[in-house]
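Each remark here refers to the structure printed beneath this line.
Values in this text are rule-based calculations from the coordinates and carry no lab data. Note that the structure is a prediction, hence the values are computed from the model and not measured. FYI the Cβ positions are ideal-geometry reconstructions off the backbone, even for glycines, and counts take in every protein chain you see.
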Amino acid sequence: MSPYENRLNSENFRRIGLLAEIRPDSLAEVADLVSSGSTDLAKDLEHAGIRNLAIYQKAVGDLELVFLYFETIELDQEKAILLLKESSAWWSTLEGHLLAHPRATKENHPWVRCEFMNVIAIESEFDRNKGDRIALVSQLIPEKELWYRTLHQTNWPGVVDQMRRSNFQNWTTFLIEWGESLLLFSYVEYVGKDREADESLMAADPVTQRWWTHTQPCLSPVEGSNDAWSAMERKR
């Protein structure tokens with residue numbers, strides 16, 4: 001079996017990444033909705049078997065994208081969107097301000113489930129309730145897709161070890177196309193006390209440096225950014 005199938009068989013939950021576009025005339029409404037939320041939203045999500053929900057936003061060119069990360073005990077990933085929608089009426093209100101991903105235009109919702117690519121440094125010793133929950137976005141150069149996918153099915157042990165030493169965990173990457181572009185989204189938890197220092201340690205690690213000589217040429221900044229990976233703004 002592939003590494004992906006092995007993970008599906010070994011884990012008792014699923015990691016989900018959803019993507020949609022915010023209507024240009026609804027930015028303020030979405031900001032208010034997401035910041036206030038529903039008083040019962042956390043309870044509703046827990047009742048539906050959904051945990052660790054995080055909502056992020058980022059302007060990519062002319063698009064204002066909203067990215068959701070969560071985990072669910074529902075093992076059938078195809079049911080993830082319906083499970084989320086049915087957990088609370090709040091989601092229907094939010095979806096009224098969203099535009100569908102091109103792949104989701106025939107559905108009764110705007111969300112598209114991004115393809116799960118990889119996760120490393122899964123939690124084992126860190127408290128997930130502490131630290132920062134970060135989302136990053138990048139573009140994958142289409143001609144480099146095969147090589148990038150192959151690398152991330154064979155993560156180097158030294159890279160994983162350094163990620164843990166630098167206090168990063170649950171580094172989860174998703175892929176989705178948007179028009180002619182391939183977008184990568186990474187969700188990661190930082191559980192240290194000095195992120196800048198820990199990132200410097202990672203950048204100084206010889207194994208990680210060699211790893212980056214293979215991965216970085218596969219990436220290009222999203223429109224409006226100069227960095228290969230751009231931080232998304234966490235809204236909830």
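A few remarks follow.
- Over the stretch 3-234, relative contact order from alpha-carbon pairs under 8 Å, at least 6 apart, %: 23
- About the Cα centre, charge dipole magnitude for the stretch 3-234 (Lys/Arg +1, Asp/Glu -1 at Cβ), debye: 440
- Applied to the stretch 83-90, the Karplus parametrisation 6.51 cos²θ - 1.76 cosθ + 1.60 on θ = phi - 60° returns per-residue 3J(HN,Hα) values of 4, 5, 4, 7, 6, 6, 5, 4 Hz, with x for Gly and Pro.
- Among L68, T93, L41 the positive-end extreme of the charge dipole of the stretch 1-118 (Cβ point charges): L68
- Set against the 2.2 N^0.38 Å expectation for a compact globular protein, the stretch 1-100 has a Cα radius of gyration ratio of 1.17.
- Selected from T150, P221, N118, residue furthest toward positive end of dipole (the stretch 111-236; charges at beta carbon): N118
- In plain terms, the chain from L27 to A197 could stretch by 57.7 nm, reckoned as 0.36 nm per residue minus the Cα-Cα distance.
- When the convex hull of its Cα atoms is projected in every direction, mean area for the chain (nm²): 13.1
- Kirkwood hydrodynamic radius (C-alpha pairs) into Stokes-Einstein, the stretch 63-195, 37 °C and 0.692 mPa s, D in µm²/s: 196
- The C-alpha atoms of the chain define a longest principal axis, and helix 206-215 lies at about 50 degrees to it.
- Over the residues of the chain, the helix contribution to mean residue ellipticity at 222 nm works out to -8500 deg cm²/dmol, using -39500 (n - 2.57) for each DSSP H run of at least 4.
- Full-stretch length increase - E115, F13 - with 0.36 nm per residue and alpha-carbon distance subtracted: 35.1 nm
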